Amino acid sequence: MVEQVNSFAIKTKNVSVHYGNKMAIDDVTINFTKNDVTSLIGPSGCGKSTFLRCLNRMNDVIDSCKVQGEFLLNGVTDIYGDSIQVETLREKIGMVFQKPNPFPKSIFENVAYGPKIHGLASTQSELNDIVMESLNRAGLYDEVKDRMDDIATGLSGGQQQRLCIARAIAIRPEIILMDEPCSALDPIATARIEELINELRENYTIIIVTHSMSQASRISQRTAFFHLGKLIEHGDTSKIFTKPDKEQTNDYITGRFG
Amino acid sequence: MIYFALLILVIISYLFYYIGKKRALNLKFNGNIKLSSQPDYFGYYVVLMALIPALLMWFGLLLFKGNFQEMFVMSPILFPDISTWSDGKLGLILNKLNNLSVIVNLPLDDLTNGEKSILNMASENELTAAKNLANFDKIYGWANLTLFIILPIILGFLATRSISGKLNAQPIVEKIITYIIKGSSYIAILITIGIFLSLVFEAINFFRYVNPVDFFFSTGWNPNRAFVVDASEGFDKDDLENAFGFIPLLTGTLLIATVAMIVAIPLGLMSAIYLAEYASKRVRDIAKPIIEILAGIPTVVYGFFAALSLAPFIKDVGESVGLPVSAESALAAGLAMGVMIIPFVSSLSDDVIKAVPQSLRDGSYALGATRSETIKKVILPAALAGIMGSFLLAVSRAIGETMIVVMAASLRANLTFNPLEPATTITTQIVTSLIGDVEFDNPKTLVAFALGLTLFLMTLLLNILAITIVKKYREKYE
């Protein structure tokens, strides 16, 4: 793979995160290639979710959380810089959470929420188009087209999660962060989401935290292994899962610890 | 005496707990008997067996003490004409005998002159009865003591002896405790029903004098008209028609409550939003209890704040801009009441806003929404039902509030929607109708029950509505 500056969606350098006095991330440097799915794996509490949340500054609201290091979006924009507003940043870096969290509003309103806030549609028909397209891409449109005004919390878990993905892509982000998006879902819904992630890869850069090694190997091109707040190893998924450089990675992947 | 006995009872029950438990443990470890319950339950079993009969009998004695006394003292032998006495006279004589019984057995030298004259004034029969009463009290005292000490000890020992491998104490103890808990909740429910029924019956009494249609739809409130005519001659129906019109009280109540809500809703809701969404944990920990203190200030304090500071201030301000303001305006009472119910709105709304799951906030932030957009478009709509519930609870509190309006609003019924004029409320009129030496044989006092019933139904309806709304809201996230 040719590594050019432009081919990185996000570059990070020497990232450390503290909660109060407790260190959560210890000097992590990692670059995320564009239009790839990168899996962050590692045992519980290794800091992979914390790291993910740093990328779109979701940790800002936690008072005790202190983030240090360099974060560059597309190689130029400083994510934590003064020149960028956090709202604009999150317009570019969307996020899907572990537990489906649709707003207690109608299905339509859930997807239209982001576009409305950012003024992406000037007319109602434009808004309709955005909502339809987003639901379509999330593979949900056919299932809900007859009940767009029903409350979203009435959908099944898998449908809710796909709705959240539709909601995230409705504001046309460049990058989508996913924090264990399948951990609350059954195997069939999980398979559906994995399929979706694979399709989304064409247009988006996806960074996904997952506990399932098989999932990481199925869906991602790149994999990063975290342990105790440190990035142990990072590389092509095929390499990480077949002949990792580090003993520790090998142990984790073969299930010897974690 | 009774407190001493109670103390002894507590000590006895503690002792029996240990005795029962010890015996069970003894059987288990030294007797090698397999017990069917945990040793603790045998302790409880002995305590309950020892206490419950004693307490029940004591309660019975207490309940029927008066009857026993009467049976024992008020015999037709001493008072031949007792069957002709009215209840009032009977009570008076009993009272007198009670006083006499304290001194009748004392040596003459210990008595004061007053007490001596009381003794001299009493008839021979009364003195005998007083002596009987004194004896009765002595017997009653001993009976109590026996009940409290001897009976539990006997029962306790019997219960301890009955502990064996066959006795399964656990289901017995749990059954008894279930009965006790059930009984407690039934008592609360029965008392509520009792209060409600007493309201209903007296209100029915009132509606014998006044046509319910006149009460609910007439606009004149002049309860003193009922005094113009002599109660014994009956009442002139025409006079009563416009004496007890409920409408001006209703409008006054609603007017003052509206003023209160206009103050409390925006202030309460905004402080709730601030506390729940913007305030740091430290500010919240300090500010929330302080706001809640507002609810703890006695309403009478708000009353004189409204009457002595707020009302004159409003009058001055009003007059300086040329508005005629009454010295007892609905505005003053409403403002003070509004301040009082701020914590109801803010505290409850704060709770429901806090109860909106963090995941919804995260979801909104992750879509690039600002904090105020998130509050406006996600959090408040999600918490709306709960917030409405808090408003309704505050309204029912405002409608039921008495002291502030008694002190700051007027007593004169006034059919108006102008908050600068005086107005009176349902609660105020209940108070005024019951002030002074009252007999419940005329509509002027009986109206209190009709008003109370109406008020009760109004607030009940609001509370049911509020609870339903809050419940509906809760179901959404579970």
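The values are calculated or read from the model by the stated rules, or taken from the named source; none is laboratory data. All values derive from a computational prediction rather than experimental measurement. Virtual Cβ from ideal backbone geometry, glycine too; neighbours counted across all protein chains shown. Accessible surface is based on the protein model in full, side chains and every heavy atom, while ligands, DNA and RNA are left aside. Shrake-Rupley method; radii C 1.70, N 1.55, O 1.52, S 1.80 Å.
Details
- The listed residue being more than 11 Å from chain B (Cβ to nearest Cβ), farther than 17 Å from residue A:207 by Cα and of a type in the set (Val, Ile, Thr), out of A:17, A:61: A:17
- Residue under evaluation residue B:361, criteria (1) over 30 Å from residue B:410 (Cβ atoms); (2) touching a residue at least 60 places away in the same chain (Cβ under 8 Å), criterion not met: (2)
- Scanning the range A:176-195 for residues that are touching a helix residue (DSSP H, G or I) at 6+ places or on another chain (Cβ under 7 Å) and within 12 Å of chain B (Cβ to nearest Cβ) yields A:176, A:177, A:179, A:184.
- Criterion applied to B:386, B:363 was being at pLDDT 90 or above and within 14 Å of chain A (Cβ to nearest Cβ), and the one residue passing it is B:363.
- Consider the range B:9-42 and keep the residues that are in contact with a Leu (Cβ under 7 Å, 6 or more places away or on another chain) and without any contact (Cβ under 8 Å) to a residue 60 or more places away in the chain. The one that is least open to solvent (accessible area, probe 1.4 Å) is B:39.
- Complete set of residues in the range B:383-406 that are closer than 30 Å to residue A:88 by Cα and buried (at least 23 other Cβ atoms within 10 Å of the Cβ): B:383
- Every condition in (1) part of a helix (DSSP H, G or I); (2) facing chain A (nearest Cβ under 9 Å) is met by residue B:334 except one, and the failing one is (2).
- Restricting attention to the range B:337-358, the residues being more than 13 Å from chain A (Cβ to nearest Cβ), open to solvent by 10 Å² or more (accessible area, probe 1.4 Å) and not β-branched (Val, Ile, Thr) number 5.
- Applying a threshold of 7 Å to beta carbon distances and a minimum spacing of six or more residues, or different chains, the list of pairs starting in the range B:411-437 at a residue that is assigned by TED's automatic domain parsing to the domain that holds residue B:321 and without any contact (Cβ under 8 Å) to a residue 40 or more places away in the chain and ending at one that is part of a helix (DSSP H, G or I) and of a type outside the set (Val, Ile, Thr) reads B:430/B:448; B:430/B:451; B:430/B:452; B:434/B:448.
- Residue match in the range B:305-325 (condition: basic (Lys, Arg), more than 14 Å from every other protein chain (Cβ to nearest Cβ) and over 34 Å from the mean Cα position of the chain (by Cα)): yes
- Cβ-Cβ contacts under 6 Å between residues 6 or more apart (or on different chains), taken from a first residue in the range B:242-262 that is under 16 Å from residue B:213 (Cβ atoms) to a second residue that is open to solvent by 20 Å² or more (accessible area, probe 1.4 Å) and in a helix (DSSP H, G or I), are listed as B:243/B:225; B:246/B:216.
- Candidates B:361, B:371 - the one that is closer than 30 Å to residue A:116 by Cβ and open to solvent by 60 Å² or more (accessible area, probe 1.4 Å): B:371
- Qualifying residue in the range A:114-126 (condition: under 18 Å from the mean Cα position of the chain (by Cα), of a type outside the set (Lys, Arg) and part of a helix (DSSP H, G or I)): yes
- A count restricted to the range B:383-435 and to residues that are assigned to a loop (DSSP other than H, G, I, E, B) and closer than 16 Å to residue B:245 by Cβ stands at 9.
- From the list B:292, B:319, the lone residue that is under 25 Å from residue B:393 (Cα atoms) and open to solvent by 70 Å² or more (accessible area, probe 1.4 Å) is B:292.
- So residue A:98, is it more than 8 Å from chain B (Cβ to nearest Cβ), within 19 Å of the chain's Cα centre (by Cα) and open to solvent by 10 Å² or more (accessible area, probe 1.4 Å): yes
- Cβ-Cβ contacts under 6 Å between residues 6 or more apart (or on different chains), taken from a first residue in the range B:274-286 that is within 11 Å of chain A (Cβ to nearest Cβ) to a second residue that is open to solvent by less than 60 Å² (accessible area, probe 1.4 Å), are listed as B:277/B:375.
- Test set (1) away from every other protein chain (no Cβ under 13 Å); (2) in contact with a Phe, Trp or Tyr (Cβ under 9 Å, 6 or more places away or on another chain); (3) surrounded by fewer than 23 Cβ atoms within 10 Å (Cβ to Cβ) - residue B:378 fails condition number: (1)
- Test: residue in the range B:446-461 that is in contact with a Gly (Cβ under 8 Å, 6 or more places away or on another chain), modelled with pLDDT under 90 and not small (Gly, Ala, Ser): yes
- The set of residues in the range A:101-119 that are at the interface with another protein chain (Cβ under 7 Å from one of its Cβ atoms) and among the hydrophobic types (A, V, I, L, M, F, W, C) comprises A:103, A:117.
- Subset of the range B:71-86 [assigned to a helix (DSSP H, G or I) and either surrounded by 15 or more Cβ atoms within 10 Å (Cβ to Cβ) or at pLDDT below 75 (or both)]: B:72, B:73, B:82, B:83
- Being buried (at least 16 other Cβ atoms within 10 Å of the Cβ) and either in a strand (DSSP E or B) or at the interface with another protein chain (Cβ under 8 Å from one of its Cβ atoms) (or both) is a property that holds for residue A:90.
- Taken residue by residue, the range B:104-111 has at least one member that is open to solvent by less than 30 Å² (accessible area, probe 1.4 Å), over 20 Å from residue B:58 (Cα atoms), touching a residue at least 12 places away in the same chain (Cβ under 8 Å) and outside any helix (DSSP H, G or I).
- Some residue of the range B:26-40 being among the hydroxyl-bearing types (Ser, Thr, Tyr), in the same structural domain as residue B:154 (by TED's automatic domain parsing) and within 30 Å of residue B:145 (Cβ to Cβ): no
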